[in-house]
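Below is one structure, written out as structure tokens; comments come after it.
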Amino acid sequence: MGTSRDHIPGPSLDLTELVEQYAGLLFGIARRLSGCPTDAEDLVQQTFLAAHAHGDQLRDTTKVRAWLCTILRNEFLKLIRSRRRASTISLDGLGEPSSPDHSNTEVDGEAILLALDSLPEEFRIPIVLYFFEEMSYREISESLDLPIGTVMSRLSRAKSRLRDRLGGLVPLPDHSIAHTG
């Protein structure tokens, strides 16, 4: 009996090589999206399983990173949908949103992560890819299968919402100095 790779008409993918090259990147993205290391590990595993099962869908091997990020995003969205359907999302661990302390202009990393977590996923995903994974607008556009204008708009709105939530204490760069690569 042959392996699933025997019938893949697209480019040959070496799963071991993919894992070695992209596991860290995908885990970082998944961790920031899900907020949970265990969920992040599951998302990365599901991403690689889906990549292996659907290797024939990758038409351009120069876009493996974007393709894997797209799979990861889809796996994350499936996770969110399944939790909503099962009504198992617990808000107990989230706590109350804290009001910014204007007497101290320093904002800690946890406050930033809480502000990120409060964003709707349509804004959170692009901002995580942009700031934490240092992807360009073009790369985000390809990863999320969105027009570049939509990516720019979502990033602008996400930055605005983050500024509001953090009381303007964290400077977020404008598009004029962004990496559009």
Condition first: in a loop (DSSP other than H, G, I, E, B) and either touching a His at 6+ places or on another chain (Cβ under 8 Å) or closer than 16 Å to L15 by Cα (or both). Now tell me which residues in segment 26-58 satisfy that. H54, L58
Hey, can you tell me all the residues within segment 151-177 that are small (G, A, S), modelled with pLDDT under 85 and part of a helix (DSSP H, G or I)? S176
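So in segment 131-150, with the set limited to residues that are assigned to a loop (DSSP other than H, G, I, E, B) and charged (D, E, K, R), which one is surrounded by the most Cβ atoms within 10 Å (Cβ to Cβ)? Break it down into steps so the answer makes sense when it comes.
Of all residues in segment 131-150, those assigned to a loop (DSSP other than H, G, I, E, B) come to 133-136, 145-147.
Within this subset, residues satisfying the condition of being charged (D, E, K, R) are 133-134, 145.
Working: E133: 17, E134: 10, D145: 10.
Out of the qualifying residues, it is E133.
Of the residues L58, L77, L114, L68, which single one is out of contact with any Lys or Arg (no Cβ under 7 Å at 6 or more places or on another chain), buried (at least 18 other Cβ atoms within 10 Å of the Cβ) and at pLDDT below 90?
On the way: L77 fails: buried (at least 18 other Cβ atoms within 10 Å of the Cβ); L114 fails: buried (at least 18 other Cβ atoms within 10 Å of the Cβ); L68 fails: at pLDDT below 90.
Answer to the selection: L58.
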In segment 136-170, the residues that are touching a residue at least 40 places away in the same chain (Cβ under 8 Å) and under 14 Å from the mean Cα position of the chain (by Cα): S136, Y137, E139, E142, S143, L144, D145
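The values are calculated or read from the model by the stated rules, or taken from the named source; none is laboratory data. Just so it is clear, the model here is predicted, and its values are computed rather than measured. Note that each Cβ is placed from the backbone with ideal geometry, even for glycine, and that neighbours are counted across all protein chains shown.
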